[in-house]
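Where a number appears in this text, it was derived from the coordinates with a stated rule and is not lab data. These figures come from a predicted structure and were not determined experimentally. So basically every Cβ, Gly included, is an ideal-geometry build from the backbone, and we count neighbours across all protein chains shown.
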Amino acid sequence: MRLTVLGGSGAWPTADQGCGGFLVEHDGFRLLIDPGYATFSRLLASGHSAHAVDAVLVSHGHPDHCADLNPLLRARQLADAPAPPLPLHAPRGALDAVLALDKRSMLAGSYRLHEFWPEQGGTCFEIGPFRVEASLLPHFVPNAGLRLTAPDGTVLAYTGDTGPSPDVARLARDADLFLCEATYVHEVPDPGDAPYLLTAALAGTYAERAGARELLLTHLWPGTAPAAALASAAVRFGGPTRVTAPGLTVEAGGGK
């Protein structure tokens, strides 16, 4: 399983990178997870056309996780040779706003919407070669923590955006790659936001509890020094740890 980072900035894109966006590939199948602000251009820059995406999976409806679904669908539908309808998988209602940006008739044939509801015990379904387990994690809006298992047993766990919860470690149990939101370094500055966001320190804690093999920190608040987030996570987690950066590619599992 290969993961390519298209962006990892939290809340809004910076001059250096877009918001969360990840291309996950296995055996020729390309799954785009969370096409947030400014990730579509990065997808193109990485050598993949809009037509190359086989399916989209969205953790929740905040625009820094799904706004660039609009240009992706436009590029597929308005091309000289339109692409087949793109399967979209998202929590119920999460894509209503972004799909309403254009008149319904313009993009109606460009996608097939498959909505699900994340459950605390995990809702399971298939996307291409991947078995997906979607678990409800605490955030300002309904958010699906995602656990993808490839046919060779490789596991990618991704929190979306979440607050502290024992379900985070359960989601990431024995994962080959744990992609974890780490908005702040040590603590969430606004106590009202603390139930709904994580820190790099907590990401390290959950990675250690889960027995994850590798930790990838994402959704850092714009302006956060990656080195500070890495140092904070390393206090709690002894395994390999990186921070998302555009173009970063991670090979997970290796056919275990």
So, relative contact order of the chain in percent, Cα under 8 Å, 6 or more apart, is 18 percent
Ranking 203, 81, 216 by how far each Cα lies towards the positive end of the charge dipole of the chain (+1 on Lys and Arg Cβ, -1 on Asp and Glu Cβ), the top one is 81
Largest first and rounded to whole Å, the semi-axes √(5λ) derived from the alpha carbon gyration tensor of the range 138-256 read 22, 16, 13
Between the alpha carbon centres of the range 187-232 and the range 13-47 the gap in Å comes to 21 Å
With +1 on the Cβ of every Lys and Arg and -1 on the Cβ of every Asp and Glu, the dipole magnitude of the range 2-246 about its Cα centre, in debye rounded to the nearest 20, is 280 debye
Ranked output for segments 200-208, 73-81 by mean other Cβ atoms within 10 Å, highest leading, reads 200-208, 73-81
Evaluated at 20 °C and 1.002 mPa s, the Stokes-Einstein D of the chain based on the Kirkwood radius over Cα pairs, in µm²/s, stands at 120 µm²/s
Least to most buried among 161, 34, by other C-beta atoms within 10 Å and fewest first, runs 161, 34
Cβ density ranking, 10 Å radius, fewest first, applied to 12, 221 yields 12, 221
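What dipole magnitude, in Debye to the nearest 20, does the range 49-128 give about its Cα centre under +1 on Lys/Arg Cβ and -1 on Asp/Glu Cβ?
260 debye
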